[in-house]
1. Does the stretch B:102-116 contain at least one residue that is polar (S, T, N, Q), closer than 20 Å to residue B:153 by Cβ and more than 14 Å from chain A (Cβ to nearest Cβ)?
2. Spot the failing condition for residue B:43; the list is (1) modelled with pLDDT under 90; (2) over 24 Å from residue B:152 (Cβ atoms); (3) out of contact with any Phe, Trp or Tyr (no Cβ under 6 Å at 6 or more places or on another chain), and only one is missed.
3. Might you let me know whether the stretch A:149-156 holds any residue that is surrounded by 17 or more Cβ atoms within 10 Å (Cβ to Cβ) and facing another protein chain (nearest Cβ under 9 Å)?
4. Does residue A:90 satisfy the condition of being facing chain B (nearest Cβ under 10 Å) and either in a loop (DSSP other than H, G, I, E, B) or crowded, with 22+ Cβ neighbours inside 10 Å (or both)?
5. In the stretch A:153-172, which residue that is in a loop (DSSP other than H, G, I, E, B) and among the hydroxyl-bearing types (Ser, Thr, Tyr) is nearest to the chain's Cα centre (by Cα)?
6. Given the options A:122, A:152, A:139, name the one that is out of contact with any Pro (no Cβ under 8 Å at 6 or more places or on another chain) and over 30 Å from residue B:118 (Cβ atoms).
7. Applying the selection to the stretch B:192-204, what residues are free of Cβ contacts under 8 Å to residues at least 60 places away in the same chain and away from chain A (no Cβ under 13 Å)?
8. Is it the case, given these coordinates, that residue A:396 is modelled with pLDDT under 80, under 24 Å from residue A:226 (Cα atoms) and either over 29 Å from the mean Cα position of the chain (by Cα) or in the same structural domain as residue A:280 (by TED's automatic domain parsing) (or both)?
Amino acid sequence: MPPSVRVQNLGKQYTIGGTDSAYSTLRDALVEVTKAPLSRFKRNGASAKAEKIFWALRDITFDVEQGEILGVIGRNGAGKSTLLKVLSRITEPTTGRVELYGRVGSLLEVGTGFHPELTGRENIRLNGAILGMRRDEIEKKFDEIVAFAEIEKFLDTPVKRYSSGMYVRLAFAVAAHLESEILIVDEVLAVGDTQFQKKCLGKMGDVARDGRTVLVVSHNLGVVGALCTKAIYLADGMLRAEGPPDEIINCYLSETLENKVHDLERLRFSGMGKQVRFLDLSMANTENNVDYGEPLEFVLTIQSDADLQALTIGSTIFNMTGTSIGSLITREEFSIAAGEQLVLRLRVSNLPLAPGSYYCGFSIGSGGRLAVRSDLDALIGAPTFQVLPISTNDEDDPLINWHRGWGNIVFNETCLTVEKPHLDHANK
Amino acid sequence: MTANEHSLHERPFPDRALVVIQPSKSTTLDFAELWQYRELLYFLTWRDVKVRYKQTALGAAWAILQPLFMMGIFTLFFGRLAGFDTGGVPYPLFALAGLVPWTFFANAISMSGNSMVGSTHLISKVYFPRILIPAGAIAACLVDLGLSALVLAAALALYHVAPTTHLLMLPFLVLLTSTLAFGVGAWLSALNVKYRDVRFLLPFLIQLWFFASCVIVPSNALPAKWRGFIMLNPMTGVIEAYRSSLFGLPFHWASLGFATLVTIGVLIYSTYAFRRMEKHFADMI
């Protein structure tokens with residue numbers, strides 16, 4: 001199958017602090033010209049300006065085949081949004097070339113161009129036109145859009161009176177009915193209620209089955225894993241890895257773990273960690289891979305500047321959509337002396353976590369378990385671990401095909417009994 | 001990388017539209033693309049018209065009231081004060097005939113000049129030829145002009161001014177005014193993205209231009225030494241031509257021709273400047 005999107009050596013450069021990055025005032029420009037009339041010509045030379053140049057994207061090359069759903073993952077600032085902006089032609093690349101075969105529909109935001117004063121009906125037409133639909137195309141799909149958004153009753157109400165849920169549903173409905181060969185989507189699934197999100201995911205799957213191509217940027221690794229047929233991982237504006245989604249997600253997660261010490265500061269809540277702080281959060285499980293049912297073993301290194309007693313550890317586990325799965329506060333209390341460093345081992349057993357990726361949050365609290373506990377240090381985002389669908393118990397076979405829509409907990413101890421209705425009851 | 005190699009040989013989907021994205025140097029308008037997006041121009045115009053008078057008690061009546069109020073004010077001050085040579089036309093009618101096209105021109109410049117900055121959410125999220133934004137603003141003002149033209153027609157009937165063949169020039173004059181407004185507005189709108197000062201300068205510019213355009217005073221009332229200077233302003237010739245057309249007075253062809261040339265020049269420069277700045281809109285706005 002030939003590629004329908006071809007990206008070759010794509011690069012995008014921004015100048016930080018220069019006149020390009022922020023809008024300036026006429027006065028600034030005049031002052032600059034009068035102060036140094038020659039600076040305009042000097043700018044092209046390789047002077048001290050070099051440090052202000054920033055490559056948001058560098059040498060990106062990849063293909064997307066027809067019918068594929070490509071997931072783009074990476075941290076904040078890795079260049080994901082810039083890539084979508086270039087592919088959507090919102091901003092021009094500095095180097096390289098992109099070829100898009102077919103009509104391109106891009107959806108970088110839900111409800112682009114919606115006007116609050118206009119009614120739902122009017123906004124469907126306006127938004128459709130902005131997204132590049134022809135007028136007859138909009139009229140043809142009109143009823144379908146309204147039905148998909150479930151807003152029949154409010155069609156003639158200005159959208160400023162809509163609830164945010166209705167607004168998002170309508171906006172996505174318009175975009176989802178765009179008949180383009182290539183669809184570019186950014187993070188739109190982060191909004192709306194879960195039921196509608198599911199509907200949107202289904203719609204995007206349909207789009208790809210129709211032989212159209214989808215490019216989606218998401219922080220939600222679960223969505224990327226479930227929906228995409230291929231993924232690319234961007235880091236510092238460069239293409240770090242390209243391949244099957246599961247492999248790429250693993251690569252992303254393991255790299256996120258590598259520079260952990262450096263990261264703790266970023267993960268820490270502001271104002272926390274003054275007296276006592278986590279120095280390192282890691283896991284004793286090999287490569288942070290946990291077989292299903294295996295206990296989680298955390299190794300926490302903490303350091304204190306003060307003598308503290310009756311400390312406890314709190315922990316919350318999150319799934320990759322950011323939903324907390326559950327929490328604990330240790331029963332055991334511990335003390336630490338000023339200047340002391342402690343290594344704590346925390347073991348969590350019998351946790352029926354379904355196969356998937358998770359991350360943790362940790363806190364050090366004082367005040368005992370039952371009294372009012374206050375956090376002395378708190379951070380969210382590390383460590384990250386994976387539960388693998390490998391079980392020592394043969395009966396746990398649904399694990400192999402665990403669907404993300406089933407949630408994060410495997411209900412193990414279940415019991416089904418069969419009761420036959422009483423005969424005399426049935427005769428009546 | 002291997003997958004990329006066959007790009008040298010053939011196009012995979014010959015029946016599909018091909019979009020190529022690469023750094024461009026082009027500063028001319030892509031007319032084929034503009035034609036493709038013509039429906040968007042219609043919708044942007046329609047949106048501006050629909051939204052402009054929402055939540056106003058008088059609604060679209062404002063399009064009529066604006067020039068009427070101004071006519072009232074100027075008639076009060078100038079009508080009796082100085083005996084202008086208006087070619088036999090009653091002063092209120094004379095003023096209205098200037099004010100209707102002028103109000104259109106002023107609103108068009110102001111709306112289009114602020115249109116890009118007002119469309120930040122569109123520019124940073126979706127692609128389309130940006131020039132449609134100021135163009136839509138101008139088109140929406142044309143709808144207002146249509147409404148205020150009704151008032152003008154009523155006033156002409158009231159004063160028993162019979163239409164002459166000179167009225168045939170009217171469509172050309174409207175085209176000329178719109179084009180000039182578009183040229184100025186598009187350039188200002190692009191400049192506004194980079195220098196927000198434009199927003200504050202615009203009202204003064206329009207005010208100044210108003211007094212330099214002989215909207216409420218005939219150009220023959222000015223001292224002779226100023227007259228040549230004032231004719232450098234294309235709008236002077238255009239406003240006078242509107243009056244000639246409406247009242248059946250002789251046209252001043254030289255000044256109208258000059259205004260046309262200036263308009264074409266402004267249009268060419270402005271689209272060039274707009275295209276040059278367009279690439280950086282999304283990064284700057």
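The values are calculated or read from the model by the stated rules, or taken from the named source; none is laboratory data. Just so it is clear, the model here is predicted, and its values are computed rather than measured. Cβ: placed from backbone, ideal geometry, glycine included. Neighbour counts: every protein chain shown.
1. Yes, some residue in the stretch B:102-116 is polar (S, T, N, Q), closer than 20 Å to residue B:153 by Cβ and more than 14 Å from chain A (Cβ to nearest Cβ).
2. Result: residue B:43 fails condition (1) only.
3. Of the residues in the stretch A:149-156, the ones surrounded by 17 or more Cβ atoms within 10 Å (Cβ to Cβ) are A:149, A:151, A:154.
Okay, now just the ones that are also facing another protein chain (nearest Cβ under 9 Å), so none.
No, the stretch A:149-156 contains no residue that is surrounded by 17 or more Cβ atoms within 10 Å (Cβ to Cβ) and facing another protein chain (nearest Cβ under 9 Å).
4. For residue A:90, the condition - facing chain B (nearest Cβ under 10 Å) and either in a loop (DSSP other than H, G, I, E, B) or crowded, with 22+ Cβ neighbours inside 10 Å (or both) - is met.
5. For the stretch A:153-172, the residue satisfying everything is A:163.
6. Going through A:122, A:152, A:139 in turn, just one is out of contact with any Pro (no Cβ under 8 Å at 6 or more places or on another chain) and over 30 Å from residue B:118 (Cβ atoms): A:152.
7. As a first pass, look at the stretch B:192-204 and keep what is free of Cβ contacts under 8 Å to residues at least 60 places away in the same chain: B:195, B:197, B:200-201, B:204.
Of everything in the stretch B:192-204, just one residue is free of Cβ contacts under 8 Å to residues at least 60 places away in the same chain and away from chain A (no Cβ under 13 Å), namely B:204.
8. Numbers: modelled with pLDDT under 80: yes; under 24 Å from residue A:226 (Cα atoms): yes; either over 29 Å from the mean Cα position of the chain (by Cα) or in the same structural domain as residue A:280 (by TED's automatic domain parsing) (or both): yes.
Criteria met by residue A:396.
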